[in-house]
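Visitor: Below you'll find the structure I mean.
The values are calculated or read from the model by the stated rules, or taken from the named source; none is laboratory data. Everything numeric in this text was worked out from a predicted model, so none of it was measured. Here the Cβ is made from the backbone with ideal geometry for all residues, glycine too, and neighbour counts use every protein chain on show. For the accessible areas, the whole protein counts, side chains as well, though only heavy atoms, and no ligand, DNA or RNA atoms are used. Shrake-Rupley method; radii C 1.70, N 1.55, O 1.52, S 1.80 Å.
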Amino acid sequence: MQVIAPGIWQWTIGQPEEHTPTRHRAFEPCLKTMAQLPKIEQCPFDPANFKTKPTKRGLQIEIPLAESDELYGLGLQLKSHRQTGKMKKLAVNSDPVADTGDSHAPVPVIMSTNGWGIFVNSLRYVTFQCASNQKVSANAKAASAENDIAINTEDLYAQKQLSEKLLVIEVPHVEGVEVMFIGGPDMVNAVKRYNLYSGGGCLPSLWGLGVWYRAFGRFNQDQVMDMAKHLRDRNIPCDVLGLEPGWQTKAYSCSYVWADERFPQPQKLIDDTKAMGYKLNLWEHAFTHPTSPIYDELKDVSGEYEVWKGLVPDFTIQKAFDTFANYHDEQLVSKGITGFKLDECDSSDFVYSDWSFPLLSEFPSGMDGEQYHSLFGNKYMQCIDSTFRKHNLRTCSAVRNAHALASPFAFVLYSDLYDHKDFVRGVVNMGFTGLLWTPEVRHATSPEDLVRRIQAAMLSPQALINAWYISNPPWKQIDRTLNNDGQMMDNWEELEAHCRVAFELRMQLIPYLYAAFAEYQQTGKPPFRALVMDWPNDSETYNLDSQYMCGDDILVAPMFAGEAHREVYLPEGRWHDYYSGKVYDGKQTITVTATLDQIPMFVKDGTLLPLAKPVQHIETDTVFELTPRCFGENCRDAKLYEDDGVTFDHQLGKFNTVTLTANGKLTREGDFDQVRYVLAD
Ligand code: GAL
């Protein structure tokens, strides 16, 4: 076993494959910061206790666990949160409808409540059998000999207790693999360590934390401008306008060329929306159409199969990476595009076979389709991200596939699925393995459904209205239509007012959220967390998959349409209802209800929340006017983070740590010479 970073040990079994997540990593580990985490003297595991079995199907590894281990992670798992006792095959799937491990972003990393993590450094579709009591141990054999057939559940469970609790990992196809053991000592530190090993958490551009609106995919330039004006006229805060497939001459596959007939003056659109305070984000995917100017260049550096008659560039080959990046830089980023929506990189063979490339297909790098499916999103993000970095600009973008070591990318995952509870579950569990996810809003089944969905989206990494198939904002027309003939709501202004309350809540929380992201970047601590990550010794938190921590101090428990009230578990401590101020003791489950304008939030006792006066959009010179709100007596100082919000100059020390005290004093320390936060009068 080899120490590869402070608190991380690498165990190499046999001959690992050439292509691995670490070999293709985009960022170096943050070793210095890792060294400041609690020191771990000893590896949490001793491989002498493990069994490995090379077989024709691949490699099997058995790791004995403690009875108390509860397991979480494995990437974005929309269908389940607590993985203990489950079997998950981590396959990339754009349509992950069952609890099998299929995911937009499967990540072979698992975290335990006992404060350790395991990272299987493989691009294969690894299977994790998570602490199943399946292997018969010597003790269990003896017990079952005495008590052959259990005829009541007590006996049955008594036998099960005697068998070993194992984590069985199967890595198909390989003869060897590297496994990393991540120390804690507690769960949140194990997660931080993994994120720092990945290169640290991302710090999105500040405007990326504002509200996003993606316009109808069939809109032309004038219609996009009309929507931009409409949102401003109606005082709907919005920072990012997204264009969907219609901006290109060809979209399935993509040309990356503006469609003249719909968008005759793209530069004017970029400039005009910019003047109104918007950032423009473009939808695309990487399957490159024969009419694209980069098609010929990409031909010999793409996979052997096409998708939608387009090339699949192998981004691990420098020529493909550079061709794609340079074109995007010259034609789009240099002209003012601030981000992209990297669609379809989770393409899988399950829907229609021409939507994807086969698992055994070949790529010029030597990878096969299975490996490239796993790596596709990460490499695509790296390629696009590099175009912004070249200009010393941060982006905040969207992506539909990611894998291990992805935490430094300011790209947020999304899905075509739409179950609201699954969407919230994604916010709960994305943070175990370095991912960000948005429970985006499209259409709704009722005004209540719309507002409840918008509230959850506003308290998530990306506050996204993804109206790509609705020509009006969903509060004017809540139903889904691809033909632009949806029913307009009679009382849409009233519904809009409810939605605006949620948008403004988001804008009030921008300084608080930005501080949480700065902490993510500096320490690896996820800005949104499952409660079990903060309270791993409290078994009441283990199954909580519809409430989560937003930053360190706010517990969020979204409401769902049709439910007049819901249960909320409050862990140890004292908690204040954000709206009524009512105080609750922790370690109890309460039943709460909420008006249509409220999303249940509970604030830790002693928190000073710096609430900003909502702005319509965020510029580099935006100054937030803060009103401190104290929850309890003797509030702790609030810490905020101040920088230009758009460049990487913070890496050169150009940022401030701002302290806000309960008696209303703002002080700052650091080398950034612009003031972004002032106290409201
Ligand atoms: C889907 C994507 C949607 C939307 C749509 C446009 O693949 O998930 O959000 O962008 O494409 O055709």
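Visitor: Taking the options Asn484, Asn491, Asn537, name whichever one is surrounded by fewer than 20 Cβ atoms within 10 Å (Cβ to Cβ) and at pLDDT 95 or above.
Guide: Asn537
Visitor: Counting only residues that are in a loop (DSSP other than H, G, I, E, B) and either free of Cβ contacts under 8 Å to residues at least 24 places away in the same chain or more than 27 Å from Thr541 (Cβ to Cβ) (or both), how many does segment 44-69 have? Break it down stepwise before answering.
Guide: Quick first cut of segment 44-69, residues in a loop (DSSP other than H, G, I, E, B) only: 44-46, 50, 56-57, 65-69.
Next cut, either free of Cβ contacts under 8 Å to residues at least 24 places away in the same chain or more than 27 Å from Thr541 (Cβ to Cβ) (or both) only: 46, 50, 56-57.
The number of residues fulfilling the criteria is 4.
Visitor: Right, something else. Looking at Gly73, Gly101, can you tell me which residue is part of a loop (DSSP other than H, G, I, E, B), open to solvent by less than 10 Å² (accessible area, probe 1.4 Å) and not aliphatic (A, V, I, L, M)?
Guide: Testing whether each residue is part of a loop (DSSP other than H, G, I, E, B), open to solvent by less than 10 Å² (accessible area, probe 1.4 Å) and not aliphatic (A, V, I, L, M) leaves just Gly101.
Visitor: Among the residues of segment 494-516 satisfying the criterion of being touching a strand residue (DSSP E or B) at 6+ places or on another chain (Cβ under 8 Å) and farther than 21 Å from Pro600 by Cβ, which is most open to solvent (accessible area, probe 1.4 Å)? Walk me through it before giving the result.
Guide: Filtering segment 494-516 for residues touching a strand residue (DSSP E or B) at 6+ places or on another chain (Cβ under 8 Å) gives 503, 506-516.
After this cut, where a residue has to be farther than 21 Å from Pro600 by Cβ as well, the list is 511, 514-515.
Values: Pro511: 1, Tyr514: 1, Ala515: 22 Å².
Per the criteria, the residue is Ala515.
Visitor: With the structure loaded, tell me whether Ser205 is among the polar types (S, T, N, Q) and surrounded by fewer than 23 Cβ atoms within 10 Å (Cβ to Cβ) or whether it fails that test. Please lay out each step first, then the result.
Guide: Values: among the polar types (S, T, N, Q): yes; surrounded by fewer than 23 Cβ atoms within 10 Å (Cβ to Cβ): no.
Considered against the rule, which asks whether it is among the polar types (S, T, N, Q) and surrounded by fewer than 23 Cβ atoms within 10 Å (Cβ to Cβ), Ser205 comes out as no.
Visitor: Exactly one condition in (1) open to solvent by less than 20 Å² (accessible area, probe 1.4 Å); (2) over 14 Å from the mean Cα position of the chain (by Cα); (3) without any contact (Cβ under 8 Å) to a residue 24 or more places away in the chain is not met by Pro439; state its number.
Guide: Just one mismatch for Pro439, condition (2).
Visitor: Touching a residue at least 60 places away in the same chain (Cβ under 8 Å), outside the structural domain of Gln616 (by TED's automatic domain parsing) and within 16 Å of the ligand (Cβ to nearest atom): does that describe Phe181?
Guide: Values: touching a residue at least 60 places away in the same chain (Cβ under 8 Å): yes; outside the structural domain of Gln616 (by TED's automatic domain parsing): yes; within 16 Å of the ligand (Cβ to nearest atom): no.
Judged against the criteria, Phe181 is not a match.
Visitor: Which residue pairs have Cβ atoms closer than 8 Å, lie 6 or more positions apart in sequence or on different chains, and pair a first residue in segment 580-597 that is among the basic types (Lys, Arg) with a second residue that is surrounded by 11 or more Cβ atoms within 10 Å (Cβ to Cβ)?
Guide: Partner pairs satisfying both residue conditions: Lys582/His576; Lys587/Asp538; Lys587/Glu540; Lys587/Leu570; Lys587/Pro571; Lys587/Glu572.
Visitor: Which number in (1) in contact with a Leu (Cβ under 6 Å, 6 or more places away or on another chain); (2) closer than 29 Å to Arg676 by Cβ; (3) within 16 Å of the ligand (Cβ to nearest atom) marks the one condition that Ile510 misses?
Guide: Answer for Ile510: the failing condition is (3).
Visitor: Restricting attention to segment 638-663, which residues are charged (D, E, K, R) and within 18 Å of Leu513 (Cβ to Cβ)? It would help to see each step written out before you state the result.
Guide: Residues of segment 638-663 charged (D, E, K, R): 639, 642-644, 649, 654.
Hits for segment 638-663 are Lys639, Glu642, Asp643, Asp644.
Visitor: While we're here: Are any of the residues in segment 411-422 modelled with pLDDT of 95 or more, among the hydrophobic types (A, V, I, L, M, F, W, C), buried (at least 24 other Cβ atoms within 10 Å of the Cβ) and away from the ligand (no atom under 16 Å from the Cβ)?
Guide: So far as segment 411-422 goes, no, none of its residues is modelled with pLDDT of 95 or more, among the hydrophobic types (A, V, I, L, M, F, W, C), buried (at least 24 other Cβ atoms within 10 Å of the Cβ) and away from the ligand (no atom under 16 Å from the Cβ).
Visitor: Any residue in segment 265-274 that is over 21 Å from Asn472 (Cα atoms), within 16 Å of the ligand (Cβ to nearest atom) and open to solvent by 10 Å² or more (accessible area, probe 1.4 Å)?
Guide: Scanning segment 265-274, I find no residue that is over 21 Å from Asn472 (Cα atoms), within 16 Å of the ligand (Cβ to nearest atom) and open to solvent by 10 Å² or more (accessible area, probe 1.4 Å), so the answer is no.
Visitor: For residues that are within 28 Å of the chain's Cα centre (by Cα) and within 16 Å of the ligand (Cβ to nearest atom), tally how many sit in segment 229-254. Steps first, answer last, please.
Guide: Taking segment 229-254 first, the residues within 28 Å of the chain's Cα centre (by Cα) are 231, 236-248, 251-254.
From what's left, within 16 Å of the ligand (Cβ to nearest atom): 240-248, 251-254.
Residues in segment 229-254 being within 28 Å of the chain's Cα centre (by Cα) and within 16 Å of the ligand (Cβ to nearest atom): 13 in total.
Visitor: If you check every pair at least six apart or on different chains, which have Cβ atoms under 9 Å apart with a residue in segment 15-29 that is in a loop (DSSP other than H, G, I, E, B) first and a residue that is open to solvent by 30 Å² or more (accessible area, probe 1.4 Å) and among the hydrophobic types (A, V, I, L, M, F, W, C) second?
Guide: Note: pairs meeting the criteria are Thr22/Ile4; Pro29/Ile4.
Visitor: Being within 24 Å of the chain's Cα centre (by Cα) and of a type in the set (S, T, N, Q) is the filter here, so list the residues in segment 179-228 that pass it.
Guide: Those that are within 24 Å of the chain's Cα centre (by Cα) and of a type in the set (S, T, N, Q): Asn189, Asn195, Ser198, Ser205.
Visitor: Further, regarding this structure: Restricting attention to segment 255-264, report how many residues are surrounded by 14 or more Cβ atoms within 10 Å (Cβ to Cβ) and either under 23 Å from Arg232 (Cβ atoms) or away from the ligand (no atom under 16 Å from the Cβ) (or both).
Guide: Pass one, segment 255-264, residues surrounded by 14 or more Cβ atoms within 10 Å (Cβ to Cβ): 255-259, 262-263.
Subset that is either under 23 Å from Arg232 (Cβ atoms) or away from the ligand (no atom under 16 Å from the Cβ) (or both): 257-258, 262-263.
Qualifying residue count for the region: 4.
Visitor: Something else: Which one of Pro511, Pro527, Pro571 is over 21 Å from the mean Cα position of the chain (by Cα) and in contact (Cβ under 8 Å) with a residue 12 or more places away in the chain?
Guide: Pro571
Conditions (1) on the phi > 0 side of the Ramachandran plot; (2) among the hydrophobic types (A, V, I, L, M, F, W, C), marked per residue:
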position: Gln60; (1), (2): no, no
position: Glu67; (1), (2): no, no
position: Lys79; (1), (2): no, no
position: Ala91; (1), (2): no, yes
position: Val97; (1), (2): no, yes
position: Pro108; (1), (2): no, no
position: Gly115; (1), (2): yes, no
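Visitor: Here is a check on your reading of the model: is Leu209 away from the ligand (no atom under 16 Å from the Cβ), touching a residue at least 24 places away in the same chain (Cβ under 8 Å) and out of contact with any His (no Cβ under 8 Å at 6 or more places or on another chain)? Explain how you work it out, then say what you get.
Guide: On the way: away from the ligand (no atom under 16 Å from the Cβ): yes; touching a residue at least 24 places away in the same chain (Cβ under 8 Å): yes; out of contact with any His (no Cβ under 8 Å at 6 or more places or on another chain): yes.
Considered against the rule, which asks whether it is away from the ligand (no atom under 16 Å from the Cβ), touching a residue at least 24 places away in the same chain (Cβ under 8 Å) and out of contact with any His (no Cβ under 8 Å at 6 or more places or on another chain), Leu209 comes out as yes.
Visitor: Just for strands (runs of 3 or more DSSP E) wholly inside segment 571-658: which have at least 1 residues that are open to solvent by 60 Å² or more (accessible area, probe 1.4 Å)? Before the answer, list the steps.
Guide: Values: elements: 574-577, 583-585, 588-593, 601-604, 607-612, 624-631, 638-642.
Output list reads 574-577, 583-585, 588-593, 624-631, 638-642.
Visitor: Would you mention how many residues in segment 180-202 are open to solvent by less than 10 Å² (accessible area, probe 1.4 Å) and closer than 26 Å to Trp437 by Cβ? Can you show your working first?
Guide: Taking segment 180-202 as the starting set, the residues that turn out to be open to solvent by less than 10 Å² (accessible area, probe 1.4 Å) are 180-184, 187, 190-191, 193-196, 198, 200-202.
Those still in the list that are closer than 26 Å to Trp437 by Cβ too: 180, 182, 184, 187, 190-191, 193-196, 198, 200-202.
Residues meeting the conditions: 14.
Visitor: Related question: Taking segment 334-357 only, how many residues are more than 16 Å from the ligand (Cβ to nearest atom), open to solvent by 10 Å² or more (accessible area, probe 1.4 Å) and under 26 Å from Val257 (Cα atoms)?
Guide: Of the residues in that region, 4 qualify.
Per-residue answers, yes or no, for (1) within 22 Å of Thr647 (Cβ to Cβ); (2) open to solvent by 20 Å² or more (accessible area, probe 1.4 Å); (3) out of contact with any Pro (no Cβ under 9 Å at 6 or more places or on another chain):
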| site | (1), (2), (3) |
| --- | --- |
| Trp308 | no, yes, yes |
| Gln318 | no, yes, yes |
| Phe321 | no, yes, no |
| His328 | yes, no, yes |
| Leu359 | no, yes, yes |
| Gly366 | no, yes, yes |
| Asn378 | no, no, no |
| Cys383 | yes, no, no |
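Visitor: Of everything in segment 442-470 that's open to solvent by 10 Å² or more (accessible area, probe 1.4 Å) and of a type in the set (Ser, Thr, Tyr), which residue is farthest from the ligand (Cβ to nearest atom)?
Guide: Ranking the qualifying residues of segment 442-470, first place goes to Ser446.
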